[in-house]
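Q: Dropping a structure here in structure tokens format, bear with me for questions.
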Amino acid sequence: MADEIALTINGEARVFAGDPTTTLLDALRNHLDLKGARYGCGAEQCGACSVVIDGEDKPSCAVEVGTLEGRAITTVEGLGTPERPHPLQQAFLDKQAGQCGYCLSGILVGAKALLDRHPSPTRAEVADALSWHLCRCGAHNRIMDAVLLAAERMREGVAA
């Protein structure tokens, strides 16, 4: 019999029925139909699987779903919609901050965690916060520009 684990994902109550040692990444992608977090390295080194757990940018490939009951999880699907993108998503579009896009879901949630705790980061603070996120396309400068633009827009209350 599978364990039932109550989760809060993107502000919604969800239930994972399965082995509590299942990684959060596997639970999200293969059981809860949230495909935004991506499998990259499986070793907590690339950030492609990143989600926000209780305000912290974390690799979902290394977190067991059984440890998450009562904690708030945000995935890229929880940021915005095509009709109403989150300011980060809009800034990434405006700055053309992605090429292949494989890393972007993790970078977006990592940037959200940063801006939630520090709404006025410097370029160096953005670089430090996102340093563990790998982008093979080399869009790092545009990514940082987009995060700073989103921070500015959010502080000024400018809609996306």
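The values are calculated or read from the model by the stated rules, or taken from the named source; none is laboratory data. Bear in mind the structure is a predicted one, so any value in this text is a computation, not a measurement. Don't worry about glycine lacking a Cβ; one is built from the backbone with ideal geometry, like all the others, and counts go over all protein chains shown. Keep in mind that these areas ignore ligands, DNA and RNA; they rest on the heavy atoms of the full protein, side chains included. Shrake-Rupley method; radii C 1.70, N 1.55, O 1.52, S 1.80 Å.
Q: Hey, can you grab everything whose amide H is under 5 Å from the amide H of Cys61? Only 5+ residues off in sequence or another chain; H modelled, so Pro and N-termini drop out.
A: Leu25
Q: So for the pair Glu12, Trp132, with labels modelled 7 Å out along Cα→Cβ, what separation do we get in nm?
A: It is 2.8 nm.
Q: Additional query: Hand me the GluC sites (Glu not before Pro) from the stretch 48-124 located in a DSSP loop with no more than 15 other Cβ atoms within 10 Å, in residue order please.
A: Glu69, Glu83
Q: Would you calculate, for the chain, the mean residue ellipticity at 222 nm contributed by helices, counting each DSSP H stretch of 4 or more residues as -39,500 (n - 2.57) and dividing by all residues, to the nearest 500?
A: Details: 4 runs with 46 residues, N = 160.
Helix-only estimate at 222 nm: -9000 deg cm²/dmol.
Q: How much of the accessible area of the stretch 1-145, in percent, comes from carbon and sulfur atoms when a 1.4 Å probe is used?
A: 48
Q: Counting only the heavy atoms of the protein chains, how much of Lys58 is accessible to a 1.4 Å probe, in Å² to the nearest 10?
A: Its accessible surface works out to 80 Å², give or take rounding.
Q: Using the Karplus equation 6.51 cos²θ - 1.76 cosθ + 1.60 (θ = phi - 60°), what ³J(HN,Hα) coupling, rounded to whole Hz, does each residue of the stretch 20-32 give in order, writing x for Gly and Pro?
A: Values per residue, Gly and Pro as x: x, 8, 4, 5, 4, 4, 5, 4, 4, 6, 9, 10, 10 Hz.
Q: So in the chain, what percent of DSSP beta bridges are antiparallel if you round to the nearest 5?
A: 90
Q: Which lysines does Lys95 reach when only Cα atoms under 23 Å apart count, and residues fewer than 8 places away in its own chain are ignored?
A: Lys112
Q: Please go through the stretch 58-154 and write out the trypsin sites (Lys or Arg not before Pro) that DSSP classes as loop and that have at most 15 other C-beta atoms within 10 Å. Mind dumping the intermediate values first?
A: Details: sites: Arg71, Lys95, Lys112, Arg117, Arg123, Arg136, Arg142, Arg153; in loops: Arg71, Lys95, Arg136.
Sites meeting the loop and neighbour criteria: Arg71, Arg136.
Q: What does the accessible area per residue of the chain come to in Å², with a 1.4 Å probe and no ligands, DNA or RNA counted?
A: 52
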